[in-house]
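Every number here is computed from the coordinates shown, using simple stated rules; none is lab data. The structure displayed is predicted, hence computed values, not measured ones. FYI the Cβ positions are ideal-geometry reconstructions off the backbone, even for glycines, and counts take in every protein chain you see.
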Amino acid sequence: DFANGSFNLVTEDGRVILAQCIFEDFVTSNFLLGIQVYHLFGLFWIGNWIIALGECVLAGAFATYYWTFDKKDVPWFAVFRALLRTLIYHTGSLAFGALIIAIVQFIRFILGYIQRQLKKRKEARWAQIMLSIFQCCFWCLEKILRYINRQAYIEIAIYGYNFCVATCKVVSLLLRNIVRTVVKDNIVRFLLFLGEICIVAVVAAIAWLAFGGYTNYGEDVWGRRLNYYLIPVLLLAFVAYLVAAGFTGVFLLAVDTVFICFLEDIERNNGRDRPYFMDENLRSLMDLKNESTPARESSPNRDTEEESALVKQYL
């Protein structure tokens with residue numbers, strides 16, 4: 001009887017013995033706990049590294065387009081080329097950036113675990129309040145670090161710097177253009193949010209027309225009446241949100257990359273002896289013009305020979 005934990009055991013000489021399983025105790029091990037913590041931290045680290053890899057690859061492809069003066073000369077397979085460059089040259093930089101985020105996420109996980117354990121004790125109310133404050137602070141810290149890392153990956157994709165150098169340069173660049181940065185971030189994120197809402201609303205409306213009252217709750221189309229038509233409507237709306245969030249995430253990265261390239265462009269070029277690399281539409285929007293054209297081997301950075309060589313190598 002397996003339900004009661006007992007079963008018949010046949011020995012080698014053919015005898016049948018009634019055996020029974022009885023739970024006595026559960027033994028924990030510090031080594032096993034350490035292995036679980038190790039794998040949990042590895043999960044955070046690898047997940048953030050994969051995200052960093054995707055951002056750096058896409059930023060490299062977008063930057064290749066921007067820094068090609070004649071947009072007709074954009075190289076083929078720009079994304080594949082950016083992937084190879086990233087895997088060959090920037091794996092360590094991405095791993096270091098992902099490590100910083102993973103450490104913050106791991107600390108948040110530990111704080112959350114302690115907070116859940118303290119909920120069982122009513123006398124630990126002040127401790128729970130303090131942990132909630134720490135959780136909020138580390139959440140804000142994670143958001144800030146994610147934003148800085150994202151901009152640093154763009155700088156890495158453009159010039160091939162290591163993570164620390166790229167972070168210092170991009171932070172300095174954004175601080176010198178803080179007004180433009182704030183305006184761009186708020187406007188773009190608001191417009192993308194509206195786009196996500198519109199996509200979800202359209203998909204939900206179409207799903208309601210297909211499964212709701214317009215088709216007699218599916219009976220006119222599917223031949224049978226749906227008892228809970230809201231379930232497929234909500235499911236399709238959720239899937240539409242995931243798809244829309246993925247596309248808007250790529251678009252947001254493209255905007256950030258073009259913005260960083262634009263800031264570098266206007267700081268290093270003047271449109272006369274050093275022409276702008278931005279396309280004609282962006283120059284018209286910013287009321288800028290080129291009075292000369294660069295040579296084929298020109299680079300976006302002419303301040304030093306070292307940085308010029310870096311741009312040629314990585315783009």
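Size descriptors for the range 111-209, from the alpha-carbon set: Rg then Dmax equal 20.7, 55 Å. Inter-label distance, Arg121 to Tyr38: 3.0 nm, where each label sits 7 Å from its Cα along the C-beta direction.
Expressed in units of 2.2 N^0.38 Å, where N is the residue count, the Cα radius of gyration of the range 26-76 is 2.16. Each label point was placed 7 Å from the Cα along the Cα-to-Cβ direction; for Arg146 and Trp76 their separation is 3.8 nm. 3J(HN,Hα) along the range 88-96, derived from phi through the Karplus expression 6.51 cos²θ - 1.76 cosθ + 1.60 where θ = phi - 60°, amounts to 7, 9, 10, 4, x, 5, 5, 5, 5 Hz, with x in place of Gly and Pro.
Shape class of the range 240-286 from the alpha-carbon gyration tensor: prolate, with a/c at 1.5 or above and a/b greater than b/c. A crude spin-label estimate for the pair Phe190 and Leu285, with each label 7 Å from Cα along the Cβ direction, gives 1.7 nm. Ordering of 61-67, 43-49 by packing is 61-67, 43-49, highest average first (other Cβ atoms within 10 Å, averaged per residue). Candidate cross-link partners of Lys72 among the lysines, defined by an alpha-carbon separation under 24 Å and a same-chain spacing of 8 or more, comprise Lys289, Lys312.
What are the trypsin sites (Lys or Arg not before Pro) within the range 103-198 that DSSP puts in a loop, where the Cβ has at most 12 other Cβ atoms within 10 Å?
Working: sites: Arg108, Arg116, Lys119, Lys120, Arg121, Lys122, Arg125, Lys143, Arg146, Arg150, Lys169, Arg176, Arg180, Lys184, Arg189; in loops: Lys119, Lys120, Arg121.
In loop regions of the range 103-198 (DSSP not H, G, I, E or B), the sparsely surrounded trypsin sites (Lys or Arg not before Pro) are Lys119, Lys120, Arg121.
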